[in-house]
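In what follows, a single structure is set out as structure tokens and then discussed.
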Amino acid sequence: MVSTRGATVEFRDVSKRYPGQLAVDRLSFAVPAGRICILVGPSGSGKTTSLKMVNRLIEPSGGSILIDGQDVLAEEPTALRRRIGYVIQQVGLFPHQTIAENVGTVPRLLGWPRERIASRTEELLALVGLEPARFARRYPAQLSGGERQRVGVARALAAEPPVMLMDEPFGAVDPIVRERLQNEFLRIQRDQGTTVLFVTHDIDEAIKLGDRVAVMAGGKLVQYAPPGELLAHPANDFVAEFVGSDRGLKRLALLTVGGADLDTGVDRAGVPSHAPVLSPSTTLRDALARMLASEAQVGVVVDRDRYLGVLTLSTIGRMIRDDM
Amino acid sequence: MTEGEPLIRWDWIASHLDEFALRLAEHVELTVIAVGVGFVIAFALSLVILRVPRAEGPITAVTGTMYTIPSLALFALLIPYTGLTILTAEIGLVSYTLLILIRNIVRGIRGVPPDVREAAVGMGYAPREVLLRIELPLALAVIIAGVRVATISTIGLVTVTSLIGQGGFGFLILIGIQRFFTTELIAGAVLSVALAIVADALLVLLQRRLTPWARAE
């Protein structure tokens, strides 16, 4: 498997003015190489405008955007775009081209030899879980929504771009497919090491996928932090409201049983037999749900046959409170 | 028609196959030149409209007006300038194709889904490549639909150019009228209609051939 190295992406004082409106207001933040940065906010917050300034579908009015320290404005737009992956919600597959042709788009524009395009296409289809023999020669109209979005991701990754831009890529598929696509996306991103800027209006998606989350409102960056930090310490009332009053529960989804203070004073034999058995890698959110569902009110923590202690509801409660 | 003469004299038809072939060649030539030249002009004007939307009104008004001028009058008015030539015929025939061709080329390209265009630009297609590799192929079905209508109406109109010494199968119709000879008149009309049907069928086949993805839906 080819492993690309991501590039750093830095916004420095970036603004976008339209007549009578400031769509993006002096935006500054940096995304480390190989990380996923989620831009999240209500509609009209300037997140999509910010994303499209990276590949110059929209030209900034001021400031600079640097990819590995190089200003995007210094490069010819078509050349710039060919080394930045781009995925949009409606996918935008070319209906008149087969799946293989769609995936090979950027390598073709870059003039790769035909055999290299063919082998890369096959590799990518397999990577996104579409069997090349079945899908390569079909047309987009013959695929389901989820399959089309997988092709969209494969197409964006084709030329091993150091940066990938994704504009609500999983917004148009049903929740079950979305969950699966999100998980696959995380796996692929780790595998490829691409730096990703990802726009969504869904805070749950932002928390699940982001290494860093940039919360935007009215064209401004309100908070830029890792998801756990965002949930634990919202910068202001707007962020607190945006992440939701259940932010404590959402935070539990990011923590694992292994990180909690277990009660080790109880002998295993003393724990009710119907108490759920938890492993250290279980999220606290899942642990809580299973504990509430059983009458035991506690969970038995076992790491491969080895008994570690019990997890109590009050411990979970304390973890939510302590952190906030 | 003389008394006792049958509507169609098959023996006359059998003995004039050579002339039919000659008229067919003329008819096809006049049609192909008209639709071909018309397409080139219409394509250029469509690009102007797509780039400068304000040009759409004036261009549609002019080509629309051309379309309404009675063909007979147009040919008669051109004779003092270009004589009884193929040029006179083609000026008229070409002008009648423009309205329909421009309308379909513009509509076809505007009908390309915005997300497809955005993806193409976002992945680094240059504007010219977007037009040639993405927009034109996707507009092809609508464009060919326009070419079909233009071709059929041109094949009909070619018969009128017999009045200025051209005409293909129209020549047979004209002579048939002048000599009160129904066999020749009907032969000309039927052959013209047959040519239109065959041309249309060929264009349908061409479209299927060029747009294999349309059958996949």
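Bear in mind that the values in this text are calculations on the coordinates, not laboratory data. Owing to the predicted nature of the structure, the values given are computational and were not obtained by experimental measurement. In this analysis, Cβ positions are derived from the backbone assuming ideal geometry, glycine residues included, and neighbour counts consider all displayed protein chains.
Inspection of the stretch A:182-202 finds a residue satisfying the criterion of being surrounded by 17 or more Cβ atoms within 10 Å (Cβ to Cβ), without any contact (Cβ under 8 Å) to a residue 40 or more places away in the chain, under 30 Å from A:LEU157 (Cα atoms) and of a type outside the set (A, V, I, L, M).
Quick grid of which residues meet (1) more than 12 Å from chain B (Cβ to nearest Cβ); (2) within 13 Å of A:LYS16 (Cβ to Cβ); (3) of a type in the set (D, E, K, R):
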{"site": "A:ALA30", "(1), (2), (3)": "yes, no, no"}
{"site": "A:ALA33", "(1), (2), (3)": "yes, no, no"}
{"site": "A:THR48", "(1), (2), (3)": "no, yes, no"}
{"site": "A:LYS52", "(1), (2), (3)": "no, yes, yes"}
{"site": "A:GLU59", "(1), (2), (3)": "yes, yes, yes"}
{"site": "A:GLY62", "(1), (2), (3)": "yes, yes, no"}
{"site": "A:ASP68", "(1), (2), (3)": "yes, no, yes"}
{"site": "A:PRO77", "(1), (2), (3)": "no, no, no"}
{"site": "A:ARG82", "(1), (2), (3)": "no, no, yes"}
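The number of residues in the stretch A:1-57 being assigned to a strand (DSSP E or B), buried (at least 19 other Cβ atoms within 10 Å of the Cβ) and of a type outside the set (Phe, Trp, Tyr) comes to 12. Considering only residues in the stretch A:58-99 that are polar (S, T, N, Q) and assigned to a loop (DSSP other than H, G, I, E, B), the one that is nearest to A:GLN142 (Cα to Cα) turns out to be A:THR98. Only helices (runs of 4 or more DSSP H) whose full extent lies in the stretch A:224-324 are considered here, and the ones with at least 2 residues that are β-branched (Val, Ile, Thr) are A:237-243, A:313-322. Does the stretch B:86-106 contain any residue that is surrounded by fewer than 16 Cβ atoms within 10 Å (Cβ to Cβ), away from every other protein chain (no Cβ under 14 Å) and free of Cβ contacts under 8 Å to residues at least 24 places away in the same chain? So far as the stretch B:86-106 goes, yes, one or more of its residues are surrounded by fewer than 16 Cβ atoms within 10 Å (Cβ to Cβ), away from every other protein chain (no Cβ under 14 Å) and free of Cβ contacts under 8 Å to residues at least 24 places away in the same chain. Any idea which of A:VAL91, A:VAL106 is of a type in the set (A, V, I, L, M, F, W, C), within 11 Å of chain B (Cβ to nearest Cβ) and under 30 Å from A:PRO227 (Cβ atoms)? One residue alone meets the criteria, A:VAL91.
Between A:ILE207, A:ILE188, the distinction of being closer than 19 Å to A:LEU51 by Cα, of a type in the set (Val, Ile, Thr) and assigned to a helix (DSSP H, G or I) belongs to A:ILE207 only.
A:ILE99 meets the stated requirement of being buried (at least 18 other Cβ atoms within 10 Å of the Cβ) and of a type in the set (Val, Ile, Thr).
List the pairs whose first member sits in the stretch A:267-286 and is more than 12 Å from A:ILE316 (Cβ to Cβ), whose second member is surrounded by 14 or more Cβ atoms within 10 Å (Cβ to Cβ) and basic (Lys, Arg), and whose Cβ atoms are under 8 Å apart, counting only residues at least 6 apart or on separate chains? Between residues of the stretch A:267-286 that are more than 12 Å from A:ILE316 (Cβ to Cβ) and residues that are surrounded by 14 or more Cβ atoms within 10 Å (Cβ to Cβ) and basic (Lys, Arg), the close pairs are A:PRO276/A:ARG290. Criterion applied to B:ILE164, B:ILE152 was being touching a helix residue (DSSP H, G or I) at 6+ places or on another chain (Cβ under 7 Å), more than 14 Å from chain A (Cβ to nearest Cβ), farther than 22 Å from B:ARG209 by Cα and in contact (Cβ under 8 Å) with a residue 12 or more places away in the chain, and the one residue passing it is B:ILE164.
Of the residues making up the stretch B:175-194, just one is in contact with a Leu (Cβ under 7 Å, 6 or more places away or on another chain) and either of a type in the set (Phe, Trp, Tyr) or more than 17 Å from B:TRP10 (Cα to Cα) (or both), namely B:ILE177. Whenever a residue of the stretch A:227-245 is free of Cβ contacts under 8 Å to residues at least 40 places away in the same chain, it has no partner that is loosely packed, with under 15 Cβ neighbours inside 10 Å lying with C-beta atoms less than 6 angstrom away and at least six residues away or across chains. Taking every residue in the stretch B:120-149 that is within 12 Å of another protein chain (Cβ to nearest Cβ) and pairing it with any residue that is buried (at least 17 other Cβ atoms within 10 Å of the Cβ) and of a type in the set (Phe, Trp, Tyr), at least 6 positions away or on another chain, the pairs with Cβ-Cβ distances below 6 Å are B:GLY122/A:TYR86; B:MET123/A:TYR86.
In summary, A:ALA156 fulfils each of the numbered conditions (1) within 13 Å of the chain's Cα centre (by Cα); (2) crowded, with 24+ Cβ neighbours inside 10 Å with the single exception of condition (1). In the stretch A:184-239, what residues are under 21 Å from A:ARG26 (Cβ atoms) and of a type outside the set (A, V, I, L, M)? Within the stretch A:184-239, A:ARG212, A:GLY218, A:GLY219, A:LYS220, A:GLN223, A:TYR224, A:ASN236, A:PHE238 qualify.
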